[in-house]
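All of the numbers you see were taken from the coordinates with simple rules; none came from a lab. The model shown is predicted, which means the values in this text are computed figures rather than measured ones. When we count neighbours, we look across all protein chains shown, and the Cβ atoms used for this are built from the backbone with ideal geometry, even at glycine.
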Amino acid sequence: MGGNEFGINVNPVGKLNVKEITVAYTYTKNLGNFENVKVDASVTISVEPGQDTDELYDKAFTSMKKQVKNGLTKFGGSI
């Protein structure tokens, strides 16, 4: 397997050799009077051979969105 100009390993049939993915979700809520609250969450997941990266991404995104909602609830707001 060779690397490309971006340093990403690509196998001979052109599929990416993904070892980990990072997913982040951020929400900024305007509180008025030029004040905002920003809540974010992120996670890095190791990808095992044979795992579906799209499925992992979707699950991680849903989880990070839920974490941000929880953070806003603790602050006293909601999305």
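Quick look at the values:
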| item | result |
| --- | --- |
| In sequence order, calculated HN-Hα J values of the stretch 48-65 (Karplus, 6.51, -1.76, 1.60; Hz; x Gly/Pro) | 8, x, x, 6, 7, 5, 5, 5, 4, 4, 4, 5, 5, 4, 4, 5, 5, 4 |
| Lys/Arg +1, Asp/Glu -1 at C-beta; the stretch 18-75 dipole; positive extreme among Ser46, Ile21, Phe34 | Phe34 |
| Summed residue charge, Cβ within 13 Å of Ser46's Cβ, Lys/Arg positive, Asp/Glu negative | -1 |
| Neighbour-count ranking [beta-carbon atoms within 10 angstrom, fewest first] of Val47, Val23 | Val47, Val23 |
| Virtual spin-label span in nm between Lys65 and Gln51, 7 Å along Cα→Cβ | 2.1 nm |
